[in-house]
1. From the list D226, D222, D241, which residue is over 22 Å from A129 (Cα atoms) and of a type in the set (D, E)?
2. Checking Q196 against (1) over 19 Å from A68 (Cα atoms); (2) surrounded by fewer than 16 Cβ atoms within 10 Å (Cβ to Cβ); (3) of a type outside the set (D, E); (4) touching a helix residue (DSSP H, G or I) at 6+ places or on another chain (Cβ under 8 Å), which test does it fail?
3. Scanning region 142-177 for residues that are over 15 Å from L189 (Cα atoms) and not in a helix (DSSP H, G or I), which turns out nearest to the chain's Cα centre (by Cα)?
4. Can you pull out every residue in region 55-81 that is over 23 Å from A176 (Cβ atoms) and surrounded by fewer than 17 Cβ atoms within 10 Å (Cβ to Cβ)?
5. If we scan region 98-107, do we find a residue that is among the basic types (K, R), under 30 Å from R219 (Cα atoms) and at pLDDT 50 or above?
6. When you scan region 228-244, how many residues do you find that are outside any helix (DSSP H, G or I) and over 19 Å from F184 (Cα atoms)?
7. A147 - would you say it is at pLDDT below 95, surrounded by 15 or more Cβ atoms within 10 Å (Cβ to Cβ) and within 30 Å of L242 (Cβ to Cβ)?
Amino acid sequence: MSGDPSAPSPSPILGTGRDPEEDRVHEAAHAPVSEASDVPEPSSRPVIPAQKVLRHSVRGQVLDALRAALVDGELVPGEIYSGPALGERFGVSATPVREAMQQLALEGAVECLPNRGFRVRTRTARSLAELAEVRALIEVPVMLRLARSVPAATWEALRPAALATAEAAAAGDLPAYAEADRAFHRAVLSLADNGQLVQIAEELHRRAQWPLPGAARVRRADLVADAAEHVALLDALAARDLPVVESLVREHFKGA
């Protein structure tokens, strides 16, 4: 039996386009309340507008989709994209797209063009080399310090995070690999117990994952080799082999 032709078509990136949070908020707002219930007075509980909850959820989904499109090369450096056009592509209004693009502008991925849209920033090989140098300046000393103090059992607990990068690499899924790669580095650096360090390192890492204009798609073999370095790094950290740790991290950044 065919469905209702008036029903909205699913979004290619965001799924059905409906957010389950919308139904939950609607049901909670219209649920009957018994006079004998112990529900607190309205003034004693926080009020969360339904529209704000839904918009935040959709904005987050759009932001994730745009970040994946940047990593995968679907958003081409130098090209201009409008909020309404991307909203139509994702099956949402232009508002969450613009909000997500503004976040990407803060991260340095795009630039805002008044009354035109957003242009994906063009990067150079030099900018990638500079990012690799800065990442090494931050992460190498931290990992060497952690290698001297963190027990082997702790490093072993991070092995699933390293294996997750290997699985994404084997599948040739570049956006999934980028996400797993950041998650692995975030898990390692979080052992330093410095939230500012983790935040700054992840922002630099994300920028290092955006491809150069006209660059060929990353080969699966390169992703597999990159993921293997994560496992090797854990082994070196557990063994407290400081020269190998430093060498692996520096080479890993050059290939990132």
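1. Being over 22 Å from A129 (Cα atoms) and of a type in the set (D, E) holds for just one of D226, D222, D241, which is D241.
2. (4)
3. D173
4. H56, G78, E79, I80
5. Just the residues of region 98-107 that are among the basic types (K, R), to begin with: 98.
Remaining after also requiring under 30 Å from R219 (Cα atoms): none.
No, region 98-107 contains no residue that is among the basic types (K, R), under 30 Å from R219 (Cα atoms) and at pLDDT 50 or above.
6. 1
7. When the stated conditions are applied, A147 does not pass them.
The values are calculated or read from the model by the stated rules, or taken from the named source; none is laboratory data. Computed from a prediction, not measured in an experiment: that's the story for all the values here. Neighbour counts are summed over all protein chains in view; Cβ atoms, including those assigned to glycine, are modelled from backbone coordinates with ideal geometry.
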